[in-house]
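The values are calculated or read from the model by the stated rules, or taken from the named source; none is laboratory data. In this text, all values refer to a predicted model and were calculated from it rather than measured experimentally. For neighbour counting, all protein chains shown are included, and Cβ atoms are generated from backbone atoms with ideal geometry for every residue, glycine included.
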Amino acid sequence: MTKRLSIFLALLIAGLVLTGCASASDKAAVELSDVSELPMTMQQAPERVRTAYQFAAANPAALENVPCYCGCGAIGHHSNLACYVKEIGPDGKPVYDDHALGCSICVDIAQDVMRMTADGRDPVAIRADIVAAYSKFGPSNQ
């Protein structure tokens, strides 16, 4: 191998390593509730659904800030949070709604909010992105 090619490859590898490290460190840790706090049906759900429920329980303000577009306004939901949590019980713990167990739009929205939160996005920008991406699916529940 020529000296130039060796230097080029070394720089390329170093750049890839540094890029990987930078993007990993730019991500904020997203808090999730303990899976054992979920009802068994949510614990046994596919990982995307289960982590959406965990995120909702640990970050209610993040999902309360964004609408849902699955048509759940007809059943009284007023935000994406309502697809996961009916209310906060007298003991301060969430009373879960099973709606998101069978709704991919609800889960997709929560997963997008979780990803954008981890990326350090502002709640106002997150809401705007959700509205732009999901309003084509139906009316907002907000």
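Overview of values
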{"read-out": "Candidate set from region 46-101 (those that are among the hydrophobic types (A, V, I, L, M, F, W, C) and touching a strand residue (DSSP E or B) at 6+ places or on another chain (Cβ under 9 Å)); member that is modelled with the lowest pLDDT", "value": "I88"}
{"read-out": "Complete set of residues in region 88-117 that are surrounded by fewer than 16 Cβ atoms within 10 Å (Cβ to Cβ) and part of a loop (DSSP other than H, G, I, E, B)", "value": "G89, P90, D91, G92, K93, D98"}
{"read-out": "Region 118-142, subset under 17 Å from A100 (Cβ atoms) and of a type outside the set (G, A, S), residue surrounded by the fewest Cβ atoms within 10 Å (Cβ to Cβ)", "value": "F137"}
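For every residue, the table says whether it meets (1) touching a Gly at 6+ places or on another chain (Cβ under 6 Å); (2) in a helix (DSSP H, G or I); (3) more than 25 Å from A132 (Cα to Cα).
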| residue | (1), (2), (3) |
| --- | --- |
| A52 | no, yes, no |
| A56 | no, yes, no |
| V66 | no, no, no |
| C70 | no, no, no |
| G73 | no, yes, no |
| H77 | no, no, no |
| K86 | no, no, yes |
